[in-house]
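What follows is one structure encoded as structure tokens, with my remarks underneath.
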Amino acid sequence: MGKQFHDSAKPRKSAAASRSATANRAAMRPTLLDLAVTACIFAARAAGADQSAPSTAVAGGGAELAEVTVTAQRRTENLQDVPIAIQAITGETLQQLSVENFDDVIKYLPNVTLAGNGPGQGNIYMRGLSVGPGTIQGSGAIGDFPNVAVYLDDQSAQVPGRNLDIYAADLERIEVLEGPQGTLFGAGAEAGVVRYITNKPKINVTEGTVNAGYAITAHGDPSSNVDAAINLPVIADTLAVRAVVYSDSRGGYIDNVPGTFVRQSTDGGIHYAGYVNNIPGPATALNSVNNNNLVANNINPVTYKGIRAGALWKFNDEWNALLVQSYQSMEADGVFFETPQSSGSSPQTLPDLSVQLYNPSFDKDRFENTALTINGRIGALNFVYSGAYLIRNVQQVQDYTNYARGTYADYYQCLSPSQTGNPGQCYSPSTTWHDTERDVHQSHEMRLSTPDDWRMRAIAGVFWEDYVIHEQTDWLYKTAPGFTNVGPPPGATSNNPNTRNDNEAFFDDVTRGYKQRAAFASVDIDIVPKTLTFTAGTRYYHFDNTEVGSAVSTFGCYQAGPPPCLNGALNLNDEGLKTSYAGFKSRANLTWKITPDILLYYTWSQGFRPGGFNRSSHYSSTLNYASPLAFEPDTLTNNELGWKTQWFDHRLQLNGAVYQEDWKNVQTTFFDPQGGLGNLAFETNGPDYRVRGVEVALVARVTDALTLTGSSAWNSSSQTNSPYVNDVTGAPITSIPNPYGQLGSTLAMSPPFSGNLRARYEFESGEYRPFLQVGGQHQAHSHSATGYVQNYDQAAFTTYDAFAGVAKDAWTVQLYCENLSDTRADMFTSSSQSVKAITVNRPRTAGLKFSYKFGDK
């Protein structure tokens, strides 16, 4: 097991106690922050005090809970009638909770976790189905595909290691479908689906919204945001357009503190230098590096900018077409983790929210998506075509200097007497990696469905997609002179055909992807009309996976002659990396509507995701183990008993599910540069796991003014087999610990309990509609990976939020405080950057938001 870190959830000292800031900011920030937080705490206390007050009607509300419609089954339905464990957060609720990006919304999804290194740099998991992510660098080339699909309307947007972080502007709702959704949503929806549903143009309607906000973050810089949406009729009864534009600048809160990196005799690869006598020794320009020119506070600001525009053309009462163009740019500087210890010669505990970076780091992530949807009728049948073309470009650079402590870096940074005939000499340990990724995702789907009021209803469709990932990852850790530069081998498909620069020690230049064809069908039969319904569906899929390119190392390239040196070059085109997978994944469901307000269902469903390739097959003579050249799909089978109920004249909703999920042939990532598995990251099919869990969600209108909303989840996971055996003899390997973990061990990123609860009190006072809201979220202990490789303890944490405001006519003003107790939540711990790094939540943030709505109601 990895080192443990037990105090990640404890409140820390103010950064002012451990670091300096400018005089003006030091003078102003405590006053602003204290005033805002005091106001929020007062509002929270007031909410609790007013809960027993006489109830009053809410304008436009009433006693009943509002109905929420979803399209989880490719039909428009009341959420309470859908026999799926589903959470839906409406656009109104997103505004109430001040949700802007996925980090904001995940707090209210108790069975969803995110493991990553910052915005758009992680994998989403549901129901604890995770073995832990691999590295972010190179994930597009070697990472496994996510087992939770992310959809922008009808466009799938999955990318290994990089969730599409869609800014929450002008959204109709976010739907979270838990459990396998392989029948209707296909590959990638193995464990569930996150769907961003945007607001569509409305015919003959003029309306718009404007939202603006300003916030201050404890120990960090201020933030500001603005977005505006408008819906305009262009041709009466025929054409309407809708557009939204947004800009959000979120202040940083991680500090880069002074540090000097000096080589040590304990460095894993120092033997390559051929000397140890003067290591450690005095820091020189050759064997050390400092970060004096990069020391700064709040180095991790992030900016979202985007626009989305759509046009809806109504040809007649039965046919219409919707064309939507989306563009978003996200730029995140610095890093979003803290490192507990310094990287100097004598490691010291670093201040709260601090790192030591020796090179600039940033992530630029842009996407554009064009989507066309055609709706119509063919006789009695409903017809839908949806096609989309998504392009995502990522350019990321990150400091990697701590890699010099590893087993292999000194080969590229030090020269031995046997190489030069002189005393051994090391050179600068300064290191970075650069990742350039371009994802192109084209998909087309056509489906027919019967009217919703038929006793036997059916939906059937065909699907085609072409998905290509172009990724070039460059590791710039070669600082010793005399090495011949490298380039791609002849005949290899290249995104960059050029010879690399003097610092390039290793690179991946890979084009990878798949083409998929699928056909699906689902039938609902009312055995007893409006009471007992049987559903059966299946999906046939056929994947053709390919990967070409090169993986090139400078190993063996010291004074190797004219460039490019190909001694460490691997031509993936020669590997014949092509696989095909085909099969069926199905679903069966029995729904019993005991009363109009009580629904009980049983679901059996299957999910899957495609396999992929490693750069090569790595053989360990010590273990008699060879990593596979290709890894296969894994599968998930779900058995679920759920209920959806409404009580007390629709003033209370109580929904839940009990489930067992069997995860087979699980794709597992290893990156173990310090251990017995080898330096290269690779994927393999590992153990099987079983997850058993319970989830409950409630919404209660306690009075006409007070609403309670809460949800929680309990999960218990267990490894049910261990394939860790000698490839030759079939006997268990004992030379190193089982990297998969022992039988009965639990999954990663899988807290046994998580939950949230919030109370909202809103009432009328003359022309004004004040509101108060308080909430809390709790997540139990978890660990970051399975097995022993990069497995860290992640402590439990609890955070609290408070909101207060007032609405009048079209105006709303809201004051909010998130993370009131300024808790450091350990969201994900990893050492994939060769240093223990803890991704933390945003510190206490207090803000003010203004909203204005106009137009038709």
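When the Cα atoms of the stretch 498-593 are aligned to their principal axes, the ranges along those axes come out at 81, 23, 19 Å in descending order.
Rounded to two decimals, the Cα-based Rg/Rh of the stretch 308-462, with Kirkwood Rh, is 1.31.
In the chain, once you exclude exposed GluC sites (Glu not before Pro) (DSSP loop, at most 16 other Cβ within 10 angstrom), what's the longest stretch remaining? Answer - 319-763.
Checking every one of the chymotrypsin sites (Phe, Trp or Tyr not before Pro) in the stretch 352-383 against DSSP loop status and a limit of 14 other Cβ atoms within 10 Å picks out no site at all.
Projecting the alpha carbon convex hull of the stretch 565-648 along each direction and taking the average yields 11.2 nm². The label-point distance for D574 and Y389, in a model that sets each label 7 Å from Cα toward Cβ, rounds to 3.7 nm.
Report summary: the helix-based calculation at 222 nm, which adds -39500 (n - 2.57) for every DSSP H run with n ≥ 4 and divides by the residues of the chain, gives -1500 deg cm²/dmol. A convex hull fitted to the Cα coordinates of the stretch 717-857 yields 191 cubic angstrom per residue. Surface listing: S494, S346, S329 arranged by accessible area from highest to lowest gives S346, S494, S329, probe 1.4 Å. Here the stretch 568-611 and the stretch 88-160 have alpha carbon centers that stand 18 Å from each other. Residue by residue, the stretch 601-606 carries 3J(HN,Hα) couplings of 9, 10, 10, 10, 8, 10 Hz when phi is fed to the Karplus relation 6.51 cos²θ - 1.76 cosθ + 1.60 (θ = phi - 60°); x denotes Gly or Pro. For the chain, the relative contact order comes to 15 percent (Cα pairs under 8 Å, sequence separation of at least 6).
Shown for the stretch 552-598: the carbon plus sulfur share of the solvent-accessible area, taken with all protein chains present and a 1.4 angstrom probe, equals 59%. Hey, which of these cross-link pairs are over 21 Å Cα-Cα: K200/K853; K107/K644; K578/K664? In this structure, K107/K644; K578/K664 exceed 21 Å between Cα atoms.
The listed peptides 105-114, 649-658, 529-538, ordered by packing as a protection proxy, come out as 105-114, 649-658, 529-538 (highest mean of other Cβ atoms within 10 Å first).
The accessible surface of the stretch 132-178, taken with every protein chain in place and a 1.4 Å probe, is 43 percent carbon and sulfur. Determine the per residue accessible area of the chain with all protein chains present and a 1.4 angstrom probe, expressed in square angstrom. Computed with neighbouring chains in place, this is 38 Å² per residue.
Each 5 Å bin, from zero up to the one with the longest distance, holds this percent of the alpha carbon pairs of the stretch 286-367: 3, 11, 15, 14, 11, 9, 7, 6, 5, 5, 4, 4, 3, 2, 1, 0.
Distance between the modelled labels on D466 and V205, one decimal in nanometres: 3.6 nm (7 Å Cα→Cβ projection).
Restricting everything to alpha-carbon atoms, can you work out Rg to Rh for the stretch 549-610 with a Kirkwood hydrodynamic radius? Present the calculation step by step, with values, prior to reporting the outcome.
Details: Rg = 27.3 Å, Rh = 17.6 Å.
Reported Rg/Rh, Kirkwood definition of Rh: 1.55.
Set the Cα radius of gyration of the stretch 435-519 against 2.2 N^0.38 Å, with N its number of residues, and you get 1.91. Modelled spin labels at A519 and T546, positioned 7 Å past Cα toward Cβ, are 2.5 nm from each other. When the surface is traced with a 1.4 Å probe over the full set of protein chains, W647 keeps roughly 110 Å² accessible. If you take the Cα centroid of the stretch 416-436 and the Cα centroid of the stretch 461-531, the two points sit 31 Å apart. P(r) for the chain, from all Cα pairs and a bin width of 20 Å, is 14, 47, 32, 7, 0 %, short bins first.
The values are calculated or read from the model by the stated rules, or taken from the named source; none is laboratory data. Here the structure is a predicted model, which means the values were calculated and not measured. Don't worry about glycine lacking a Cβ; one is built from the backbone with ideal geometry, like all the others, and counts go over all protein chains shown. Calculation scope for accessible area: heavy atoms of the full protein, side chains included, ligands and nucleic acids excluded. Shrake-Rupley method; radii C 1.70, N 1.55, O 1.52, S 1.80 Å.
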